[in-house]
Every structure is written in C-alpha cells, then in structure tokens.
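Bear in mind these aren't lab numbers, they're just calculated from the coordinates by the rules spelled out. Only a predicted model underlies this, so the values are computations on that prediction, with no experimental measurement involved. Here Cβ is always computed from backbone atoms with ideal geometry, including for glycine, and neighbour counts include all displayed protein chains.
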Amino acid sequence: MPEVNDKVCKICGSNDYRSYLRFKDKKKEVVACKACGTFRTLPYYETDYKEQEFYCEHYIRNERIFRGFADNLVNIILRYKKEGRLLDIGCAVGFVLEEAKKKGFKAEGIELNKKAADITRSKGFDVNSCAIRNAGYNNDSFDVVVLNHILEHIAEPHVFLKDIKDIVKKSGILLIGVPNHASLAATLFRRKWYGWGIPEHIWHFDKNSIGYLLSKNGFKIKALIQNSQYYPFSKSLRKNTRAVIARIGNIVSAGDQLIAIAGVE
C-alpha cells in the first residue's frame, strides 16, 4: 500500500492545518484543516480491499451485530422513502440489502472485495465490483443510495460524491454514515477511540464538516443523527466500558457515529 502525505486538503484546497492527535507508535497524526475544519489522517494509505480476507471475515464473525445495525439503518431510510430502487455502496456481505429487500426495496450493491461480492451475489443480489462511473447506471436511477462507513476511506471525496449525485433521483435520498469525532466516546478515549481507524480512515467528520462537504457537492441535509452503534456487553471490561459510553453518548446526542440524510439540491 503506497503511503500518501499530501499536505493539501482535498475538500477545500487549503494547506493550512493544525495537529490534533499524534499516534507515536504508528507515526501517524490526525490534523484539522484550518479553512474547512475537516479532520484527516497524515500520512494515509489508499487501501486495496479487493483481496483482503479480514474484511469479509469481520462481518461473518459478527453477523448478529451487523444485522442489527443494518435493520436500524433501513428503519431510518423508511422515514424518508418507503419503496424504490436502493443502492448500497460498499455492501460487504449484503446485510443492508437483505433488510432493505424484506421491507420492499429493489436492492442492489457495489462491493470491491471479491469474496464479499461473491457472497452477496449468492444471495440473489446484483452486485457490481467497480467504480460507480463504470457500473453502467443511468442518471437519476436510484431512490436511495447508502454510503455507510465508506466515505472516510475515500481519497477523492468530491469526485466520489459527484458520481453519486448523478445517479440519485431528484426526489431521492443519500444516506451517509461516518464515525463522529465530536462524540463523547472520541472525547474520552482520545487516541484509543476505535473511530479513528488508523491507518485506513483518511477523513474524520463531525456535523459541521460533513455538512460542508455535502453542500459543496450539491446535497442538502434533511436530517443529521448523532447516535451510537451498540455493541453487546461481554466479559471484557474494556469492551463493556466502550458499550456504556456509546449508550450514554446516544442519550445526550453525542453518539459515536453520524448519519446524514440528504437530498439533491
């Protein structure tokens, strides 16, 4: 994986930033752009997920948890869209697609990881394993596009969101889920917060920076939810502490993930 140490913010074009957190053991830091406020990792890797086994195994090993997350996500979608054609970008092994299909959507996906894509296809779903612009979708094709914990991995977010905007219907919605660096968990755990995702996560968002990025790309936020993904209690004190903090963050609207529901302006 080539290391990238680009000093220019690819969201606003500024090269003026401040250090926020440094990870000494990994020789990485999180910096904040002084112009647009977006956090990013420096240096970062552009990870190739096509052949990585752990990516797929993580979902399979924790199926019950991820099915619960998928069900919650589709229930949020149903507040804004009751039916139609849905595309899940980064669909992994297809849990969101399965839940969406159960609730009446015509669901399909994009997944670059070969093993995960094959598993999802085996469940009867159409899955493309290429960039959006190479998938052959017509403009204004989808009523719902889901981008759940994907955007933080994308090196060129403007290019990516432009391609998404082309395929979302004018009456459609884009749902984005990302880790929330302004959450209670991130504040308390600092370098140990799971959401930094070093070195895979390039970008780190809060409600202001995700709003800025979406507005720059022709999307208008309809709703912004700061909630937590609940992990079950276990025999591990560390994991139980994380679970408790996540629940408290959820109660006080400082959860460890942001979910933005946006429409095309």
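Peptides 233-241, 37-45 ranked from most to least packed by the mean count of surrounding Cβ atoms within 10 Å: 37-45, 233-241.
Compute the relative contact order of the chain as a whole-number percentage, counting only Cα pairs closer than 8 Å that sit 6 or more residues apart in sequence. All intermediate terms of the calculation are to be shown ahead of the outcome.
Details: 529 pairs, mean separation 46.2, N = 265.
17 percent.
Taking the Cα centre as origin and putting +1 on Lys and Arg beta-carbons and -1 on Asp and Glu beta-carbons, what dipole magnitude results for the chain, to the nearest 20 debye? Computed charge dipole of the chain: roughly 880 debye.
Computed over the alpha carbons of the stretch 140-265, Rg followed by Dmax gives 15.5, 49 Å.
As a length-normalised measure over Cα pairs under 8 Å and 6 or more apart, the relative contact order of the stretch 121-237 settles at 25 percent.
Please work out the Kirkwood hydrodynamic radius for the stretch 1-150, using every pair of different C-alpha atoms, and report it in angstroms with one decimal place. It would help to have the intermediate numbers written out before the result.
Numbers: mean 1/r = 0.0572 Å⁻¹.
Taking the inverse mean of 1/r over all distinct Cα pairs, the stretch 1-150 comes out at 17.5 Å.
With Rh defined as the Kirkwood radius, the inverse of the mean 1/r over Cα pairs, the Rg/Rh of the stretch 49-264 is 0.94.
Short-range pairs are left out: with C-alpha atoms under 8 Å and at least six residues apart, the relative contact order of the stretch 129-169 is 62 percent.
Once you reduce the stretch 224-265 and the stretch 127-180 to the center of their Cα atoms, the two points are 24 Å from each other. Counting only aspartates and glutamates at least 8 places from Lys27 when in the same chain, those with an alpha carbon closer than 18 Å to its own are Glu3, Asp6, Glu46, Glu200. Please go through the residue pairs Lys10/Lys235; Lys102/Lys170; Lys28/Lys114; Lys106/Lys216; Lys114/Lys222 and name each one whose alpha carbons sit more than 32 Å apart in this structure. Cα-Cα > 32 Å for Lys10/Lys235; Lys114/Lys222; rest within.
Going by average Cβ density within 10 Å per residue, which order do the peptides 186-197, 81-92 take, highest to lowest? Write out the running numbers ahead of the final one.
Values: 186-197: 16.1, 81-92: 21.9.
Per-residue mean Cβ counts within 10 Å order the peptides as 81-92, 186-197.
Taking every DSSP beta bridge that has both ends in the chain, the antiparallel portion is near 60%.
The residue among Tyr49, His204, Ser253 whose Cα reaches farthest toward the positive pole of the charge dipole of the chain, with charges on the beta-carbon of Lys, Arg, Asp and Glu, is Ser253. Here's the list of lysines a cross-link from Lys115 could span, going by alpha-carbon distance under 19 Å and ignoring same-chain residues fewer than 8 apart: Lys50, Lys123.
Which of rounded, prolate or oblate describes the stretch 8-77 when judged by the alpha-carbon gyration tensor and an a/c cut-off of 1.5?
Numbers: a/c = 2.61, a/b = 1.72, b/c = 1.51.
Prolate, because a/c is 1.5 or more and a/b exceeds b/c.
Left without a cysteine partner by the 4.7 Å Cβ rule in the chain: Cys56, Cys91, Cys130. Counting only lysines at least 8 places from Lys24 when in the same chain, those with an alpha carbon closer than 16 Å to its own are Lys192. Among His181, His58, His149, the order by Cβ neighbours within 10 angstrom, fewest to most, reads His58, His149, His181.
Each peptide in 102-110, 248-256, 2-10 gets a packing score, the mean of other Cβ atoms within 10 Å over its residues, and the list from highest to lowest is 102-110, 248-256, 2-10. By the beta-carbon count within 10 Å of each Cβ, the least crowded to most crowded order of His153, His158, fewest first, is His158, His153. With contributions of -39500 (n - 2.57) from each DSSP H run of at least four residues, the per-residue ellipticity at 222 nm computed over the chain stands at -9500 deg cm²/dmol.
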